[in-house]
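The values are calculated or read from the model by the stated rules, or taken from the named source; none is laboratory data. The model shown is predicted, which means the values in this text are computed figures rather than measured ones. Reconstructed Cβ throughout: ideal geometry from the backbone, glycine too, with neighbour counts over all protein chains shown. The protein model used for the area step is the full one, side chains on, heavy atoms only, and it has no ligands, DNA or RNA in it. Shrake-Rupley method; radii C 1.70, N 1.55, O 1.52, S 1.80 Å.
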Amino acid sequence: MANTPDYSWPPMESRKVMGKPFKRLDGPFKSTGRAKYTSDLNMKGMLFAVYLTSPHAHARVTSIDTSAAEKTPGVKAVHVVSPAGTEIQWFGREVAAVAATSEEIARDAARKIKIEYEVMPHLVKEADLSKAGSKGKAAGEKIVGDPDKAIQEAEVVSEGTYGIPMADHVCLEPHGCVIQWQGDQVRAWPSTQFVTGWAGSIAPNLKVPAANVKVDMQYIGGGFGSKFSPGAWAEVGANLSQKAGGAPVKIFLDRATEMAIAGHRPSDYGKIKVAGKKDGTITAFQADSWGSGGFPGGPQPPLPYCYANIPNQRINFVSIVTNQAGSQAWRAPNNQQASYLTCSAFEDFAAKAGLDPLDVFLKNADYAPARPGPDHYRWQLQKAAELAEWKKLWKPRDQKTGTVRRGLGLGINLWQGGGHTCQARTTINTDGSVLLEMGTQDLGTGTRTMMTQVAAETLGLQINQVKLAIGDNSLPPGGASGGSTTVGGASSATRKSAVNALAKLFEACAPALGAQPEELEAVDGHIRVKGNPNKSMTWVAACKKIPPGEGKISEMGANDQRNPGGLNSAGAGGAQIADVTVDMETGLVKINRFVAVQDCGLIINPRLAESQIYGAIIMGISTALYEERIFDEQTGRMLNTDMEFYKLAGIKDIGDIQVHLDIRPENDKRGVIGLGEPPAVGICAAVGNAVANATGVRVPNMPMTPMNVLNALEGRNA
């Protein structure tokens, strides 16, 4: 090429495909059932595998007898996961698995396996720190400034205890895969968030080369951070397949096992003290927090959240090891918990000072990080307040009367979301057809649609003129879809590969147009000389200029995480306001309206960007109103391992959702920023603060169930 291509995004005002609200390209396939998820697969000769799991939260397997299961007609393989001597550390831990010609036969056979346990003491509840004992591991104390002096000299000091329990991902498609192991070759159809890396993760355990593991996944029924690794079930499924002579094995967790062991969002509880001036300036933040992610403990939340530059701080944290299956990433790990604890404490400080919490958040915005920046938060808080009619509807806690009371509450979010490592290949054929290939995955977020838009925009084509292939680990490698990194990485790789391919096409057709390659542009299905539309040829005609010996143009592109060249960046923030009504007699909380203002960089597709935020809010409202894992302290068992008793919000619970995309020019210039995480962060904080504003009482622990609300109103600690 004569010159290094210009990979930068076209200006906002000149985009013809990017920035447009196209509907999902795979929407018709999903809505008509033509899209086949891994759990839909039914292959010839396929076996069905089921688990036998531990009924105890902490025990040692003393003996296991699988002989009766192995003799059951239709059973093709039995695999012991936890042999005699294994120490079981959580309820639902896999002990053995059976593969048979039908799921019913496999379940009957699994029930015939005889296991004896030595039951051991367990801990399954972490809300009361005093009961943790030796299972609590303290992190080192963090001190900034002089918190003792700042608190002593403060004009206003508020103290509160807040808690947010574990919550499950509740993927509609459970964890699992279809897998076939023949010789040193493995074929897998997983439900995963990392198609490219899946083989490399499982290959060492199977002792086969990663190159021999072929992975294909076109659709996934939800992951939310919990489906990066193959999981123990993939290795078990492979072993069953090998024992059964290489037959494909379908192994998916049933709903009860899914809820118990497939992962969850860790809990966090905290005693927090906020000190400051009567004008609302916060001068000190002290937090003694604790939480658990099951076995082996939980991560420390980033406190104080977002407003991290408070000059005087004392932060302590205790990680509690409980006899529950370990946690998994859950849409902005640790951020929901930190936002809830911090924003609740800020709201209570404002109430103690007799101030509007909006003014307190605005006044202290300089404590926010440089990216996206204090001014971003001020603008977003003010915009959210405008949309939520804050000045009209917000009233101090002590001015509420009546049985049914209305309240408003704030929450904030922050996430990085820079693009991950990703490669793409764009192929232009002599007939004008275009194929974009990348080994990424579409989690339901619209990756297929957005990457096709990027390629079409770059090549001057319509969206239906570009075909996309994803979901196969033989394609150019893509990163894991987590941390809101996919859209930035995949779009940058797509842009670069398409620009590179287009430059080659310019070289092929420039002589026919009597111009230099760098003088050409692709616009509206034509290749033309810049500034001279009369000197042009159709896209198809231009593609026919590809030298016959080459047959096609195929060019790669890759996102460079260290130097994305302005195509993507990180650091998205947002403000959210919940408007609720609380029945003071029944404790019922109703969501009237939820407002979200979100900074999100350059928007490839506003319809899909808004959809991400809608989904995040729906999930957040569900966790705020209903969700918690309930364990029996005596038996150590999870009691609500089904969709009847693990409550989720329905359509009538959500209220009106109002989304405002902060796409001011200064944000657009920052390039693409991931949007999966940030809008999922502040919902619990906003709802909890709205309930406090409505009732005049802090309901300390999520979820805002009638029991928790009434306990707070009655001053009970139940």
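Just to check your reading of the model, which residue among Val80, Val61 is closer than 16 Å to Leu240 by Cα, out of contact with any helix residue (DSSP H, G or I) (no Cβ under 6 Å at 6 or more places or on another chain) and in the same structural domain as Gln180 (by TED's automatic domain parsing)?
Being closer than 16 Å to Leu240 by Cα, out of contact with any helix residue (DSSP H, G or I) (no Cβ under 6 Å at 6 or more places or on another chain) and in the same structural domain as Gln180 (by TED's automatic domain parsing) holds for just one of Val80, Val61, which is Val80.
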The residue from Ala542, Ala522, Ala575 that alone is touching a residue at least 24 places away in the same chain (Cβ under 8 Å), closer than 30 Å to Gln416 by Cα and touching a Leu at 6+ places or on another chain (Cβ under 7 Å) is Ala575
With respect to the numbered conditions (1) in a helix (DSSP H, G or I); (2) open to solvent by less than 60 Å² (accessible area, probe 1.4 Å), which one is the sole condition not fulfilled by Gly432?
(1)
Checking Thr401 against (1) open to solvent by less than 50 Å² (accessible area, probe 1.4 Å); (2) in a loop (DSSP other than H, G, I, E, B), which single condition isn't satisfied?
(1)
Can you tell me which condition Lys392 does not meet? The list is (1) closer than 30 Å to Ala686 by Cα; (2) touching a residue at least 40 places away in the same chain (Cβ under 8 Å), and all the others hold.
(2)
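Answer yes if at least one residue in the range 319-330 is closer than 18 Å to Tyr162 by Cα, outside any helix (DSSP H, G or I) and touching a residue at least 12 places away in the same chain (Cβ under 8 Å), and no otherwise.
Yes.
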Of these, Pro372, Pro396, which one is outside the structural domain of Leu502 (by TED's automatic domain parsing) and modelled with pLDDT under 95?
Pro372
Which numbered condition Val321 fails, given (1) open to solvent by less than 40 Å² (accessible area, probe 1.4 Å); (2) modelled with pLDDT under 95; (3) among the hydrophobic types (A, V, I, L, M, F, W, C):
(2)
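Would it be correct to say that Gly163 is closer than 18 Å to Pro333 by Cβ, surrounded by fewer than 24 Cβ atoms within 10 Å (Cβ to Cβ) and in contact with a strand residue (DSSP E or B) (Cβ under 8 Å, 6 or more places away or on another chain)?
Here the answer is yes, as Gly163 does meet what is asked.
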Among the listed residues Gly566, Gly531, Gly514, Gly551, identify the single one that is within 30 Å of Asn335 (Cβ to Cβ) and either open to solvent by 80 Å² or more (accessible area, probe 1.4 Å) or out of contact with any helix residue (DSSP H, G or I) (no Cβ under 7 Å at 6 or more places or on another chain) (or both).
Gly566
Check Asp653, Asp642 and return the single one that is open to solvent by 10 Å² or more (accessible area, probe 1.4 Å), part of a loop (DSSP other than H, G, I, E, B) and in contact (Cβ under 8 Å) with a residue 40 or more places away in the chain.
Asp642
Residue among Ala649, Ala686 that is out of contact with any His (no Cβ under 9 Å at 6 or more places or on another chain) and closer than 26 Å to Leu303 by Cα
Ala686
Could we say that Leu341 is touching a residue at least 40 places away in the same chain (Cβ under 8 Å), among the aliphatic types (A, V, I, L, M) and either in a loop (DSSP other than H, G, I, E, B) or open to solvent by 10 Å² or more (accessible area, probe 1.4 Å) (or both) here?
no
Test for Ile202: is it hydrophobic (A, V, I, L, M, F, W, C), touching a helix residue (DSSP H, G or I) at 6+ places or on another chain (Cβ under 9 Å) and closer than 30 Å to Ser339 by Cα:
no
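If only one of Asp279, Asp268 is modelled with pLDDT of 95 or more, of a type in the set (D, E, K, R) and open to solvent by less than 10 Å² (accessible area, probe 1.4 Å), which one is it?
So the residue among Asp279, Asp268 that is modelled with pLDDT of 95 or more, of a type in the set (D, E, K, R) and open to solvent by less than 10 Å² (accessible area, probe 1.4 Å) is Asp268.
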Among the residues of the range 596-607, is any open to solvent by 40 Å² or more (accessible area, probe 1.4 Å), without any contact (Cβ under 8 Å) to a residue 60 or more places away in the chain and closer than 24 Å to Gly489 by Cα?
no
Going through the range 518-528 one residue at a time, which ones are touching a Phe, Trp or Tyr at 6+ places or on another chain (Cβ under 9 Å) and open to solvent by less than 30 Å² (accessible area, probe 1.4 Å)?
Leu520, Ala522, Gly525, Ile527
